[in-house]
Amino acid sequence: MTIIWEILVFMLGLCLSVQVVGALFSLIDLWSDLRRSWPVMARTILLWGGLASILTLMLGPYRSAFLWGMAAFMFLHIAFFYGYKRLFIRNRRLLEKEFRESNT
């Protein structure tokens, strides 16, 4: 039963990490309208960051599973971002090579 709770807490860490990253991206998304939207941005960052902090402190024996879930999403987010860029660049090079060969 403990392993089930650890898996559930790990998944909770993943889901909460998505929300924290989304709240932090609101700084980038709403930068042009910062003067009017800063209260919303501050509230969402404080809400999700505070919830993550409170859960980290209160989970006790499941704290490591929660933190591993949050770290796993951060790693996956960065890996998918750079992996997508590499895949896009590779495919563009292959398309350009194919286009040059078809025109000759």
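The values are calculated or read from the model by the stated rules, or taken from the named source; none is laboratory data. Everything numeric here is computed off the predicted structure, so don't read it as measured data. Using ideal geometry, Cβ is built from the backbone for each residue, glycine included, and neighbour counts are taken over all protein chains shown.
Scanning the range 52-104 for residues that are of a type in the set (K, R) and more than 14 Å from G13 (Cβ to Cβ) gives K85, R86, R90, R92, R93, K97, R100. Scanning the range 38-82 for residues that are surrounded by 15 or more Cβ atoms within 10 Å (Cβ to Cβ) and of a type in the set (D, E, K, R) gives a single hit, R63.
Does A23 satisfy the criteria of being in contact with a Leu (Cβ under 6 Å, 6 or more places away or on another chain), modelled with pLDDT of 90 or more and assigned to a helix (DSSP H, G or I)? So A23 fails the test.
Of the residues in the range 30-38, not one is in contact (Cβ under 8 Å) with a residue 12 or more places away in the chain and not hydroxyl-bearing (S, T, Y).
Inspect the range 60-77 for any residue being more than 27 Å from I4 (Cα to Cα), aromatic (F, W, Y) and in a helix (DSSP H, G or I) and give the result as yes or no. No. The conditions are (1) in contact (Cβ under 8 Å) with a residue 40 or more places away in the chain; (2) surrounded by 14 or more Cβ atoms within 10 Å (Cβ to Cβ), and W5 fails exactly one of them. Which is it? Against the list (1) in contact (Cβ under 8 Å) with a residue 40 or more places away in the chain; (2) surrounded by 14 or more Cβ atoms within 10 Å (Cβ to Cβ), W5 comes up short only on (2).
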